[in-house]
1. Can you name every residue in segment 93-104 that is touching a Leu at 6+ places or on another chain (Cβ under 8 Å) and free of Cβ contacts under 8 Å to residues at least 60 places away in the same chain?
2. On the basis of being at pLDDT 95 or above and either part of a strand (DSSP E or B) or not charged (D, E, K, R) (or both), does ALA152 make the cut?
3. From the list GLY66, GLY73, exactly one residue is surrounded by fewer than 16 Cβ atoms within 10 Å (Cβ to Cβ) and modelled with pLDDT under 90. Which is it?
4. Does at least one position in segment 116-128 carry a residue that is in a loop (DSSP other than H, G, I, E, B), modelled with pLDDT of 90 or more and either more than 18 Å from the chain's Cα centre (by Cα) or not assigned by TED's automatic domain parsing to the domain that holds ARG68 (or both)?
5. So which residues in segment 22-46 are among the charged types (D, E, K, R) and in a strand (DSSP E or B), if there are any at all?
6. Being modelled with pLDDT of 80 or more and within 30 Å of GLY14 (Cβ to Cβ) narrows it down to one of GLY279, GLY288, GLY294, GLY326, so name that one.
7. Looking at TYR49, TYR83, TYR19, which one is assigned to a strand (DSSP E or B) and under 29 Å from VAL272 (Cα atoms)?
8. Which of (1) in contact (Cβ under 8 Å) with a residue 24 or more places away in the chain; (2) over 21 Å from ASN199 (Cα atoms) does LYS113 not meet, given it meets every other one?
Amino acid sequence: MPENEIPRSIAERGPWNNYVVYVPTRKDDGSYEAKMALIAQNNRVSEGYLPLTKRNVLEITMSCLGNRYGWGGMLDALDCSAYTRTVYRCFGLIMPRNTSWQPLVLGTAFDIKAMTDAEKINALRRVPAGSLLYFPGHTMIYLGIVDGRPFAISATGSLSDSAGETGAAADVRSMNSVIITPLDVRRGASSSYTTWLRNLTTIVCVQGVNKYEISGEAADDPTDEPTDDPTDDPTDDPKYPEILLKVGETKSIVGDIGATGRMKYVVSDTAVATVNSKGVIKAKNNTGSVSVTGYTRSGKKWVMTGKITAEVVAPKFEKTIYLTEGDSVCLEDYMTDCDRTCVELVTATKPSVADCVRENLTLTAVKAGTCKLRIKVFGRTTVVTVIVQK
C-alpha cells in the first residue's frame, strides 16, 4: 500500500512493524469490498511472486507442514491438488485444480508407470526436490531419498503404513493433514493395498531436467558439451563447498572447484549467476541458489572436477523508517546483508524533514513529515520512506 494512504491506526492498532495490505472481503449483500489489514513483519511476505528456486519451493512447501486436510476445500483447508497448486502459485505458476489435469500443463512430465519400483527409485534420484509426483487421485511434492527410501510431502486423507497386510489386517489410518511420508506407505482396498511407489505414474519437473536423465538413456550430444548432473546435487551433499554472494559481487571459485588445465563451468541458473572461463563467478541482480560444476578436458571427454553451491542474497533495507523529532540514527542499523561501505546515498527528497549525512549515513529527524531516501547498494537502487512524528 502507498505510504501516503496508510492511516494512523487500523482496527485500533498502529501500523508500525506491520505490512499494510488490502484484502478482499464479502459484504453482507454478497458484493466485494477491499479492506485494510495488518500483517506482522515477523511473517514472510513478498511483494510480487517469489523467484523460482529449489530453496524457495521447499521453504513454501514445508511452511504448510501439519496443516489440516480438506477434500475439495472442505473445512477451509487444502486437499492434495490444491496444496501443490497453492505452493506453485507463489511463483506465478497457475495450475489446474485436479490431479488428472495438472501434469498436462506445468513443467516437463515423465511417464514412469511402466517402471519397476527399483527403476522408479533410480528415476527419483535424478530429479530435483520440489518436483511433483502423481498417481491416480493423489499428488505429492518430492523431497528426496534417505537411506534408500524416497520421501514426499502431501495433503493426505488416509493411508496404511502396514507391512503388506490386506483386508481387515491392514491398518488404514485417517491422517487428514499435510504430512511427510515415505513412498512405501500403502493405499487402501481400492488399490489392493499397494504402495504409493508402485502406484506412481508421473513425475513433473518444474525446473529443467533432461529426459535422458530420467530414463537412463544416453544423450547424443554432438557438441560434446558438459552438462550438470542432477544425481549429484551439491545442495544435498555437504562435501561440496558453499559460498555466499551478494548481488553484483564477483569471486574466484578456482580453488573451490578443483580446476586443472582447460576448464568449462556449467551454472544451473544463469539468471542468478554466471562464471567466466577464468573461474570467476558473478552474481546477477536476481537472488537464489545455483550449483556450479567444473569440468576439465580428458582426451575426448569432459570430466567433472568439482562442484559448489552459490547462494545469492540481496542486501535489504527497512522499507519504512519511523522516527521522532530530534532522533539521530545510522542507516546501517536498518540494513541486512550489507554495511555502510556498500551503500551510497543518491538523493534525499526533503532534508528539512530528515537530513542524511552522505559520508557516514547518519540520519537526523528534523521535523514532522515524510521524506524519501534513494539509496544505491551494489549498484541496485532502493527507496526508503522516512516518517517523522512529533
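1. Selection gives MET95, PRO96.
2. yes
3. GLY73
4. Within segment 116-128, one or more residues are in a loop (DSSP other than H, G, I, E, B), modelled with pLDDT of 90 or more and either more than 18 Å from the chain's Cα centre (by Cα) or not assigned by TED's automatic domain parsing to the domain that holds ARG68 (or both).
5. Within segment 22-46, ARG26, GLU33, LYS35 meet the criteria.
6. None of the other options fit; the residue is GLY326.
7. Matching residue, one of TYR49, TYR83, TYR19: TYR19.
8. The failed condition is (2).
The values are calculated or read from the model by the stated rules, or taken from the named source; none is laboratory data. Note that the coordinates shown come from a computational prediction; the quantities given were computed from them, not determined experimentally. All Cβ positions, even for glycine, are placed from backbone atoms using ideal geometry, and neighbour counts span all protein chains on display.
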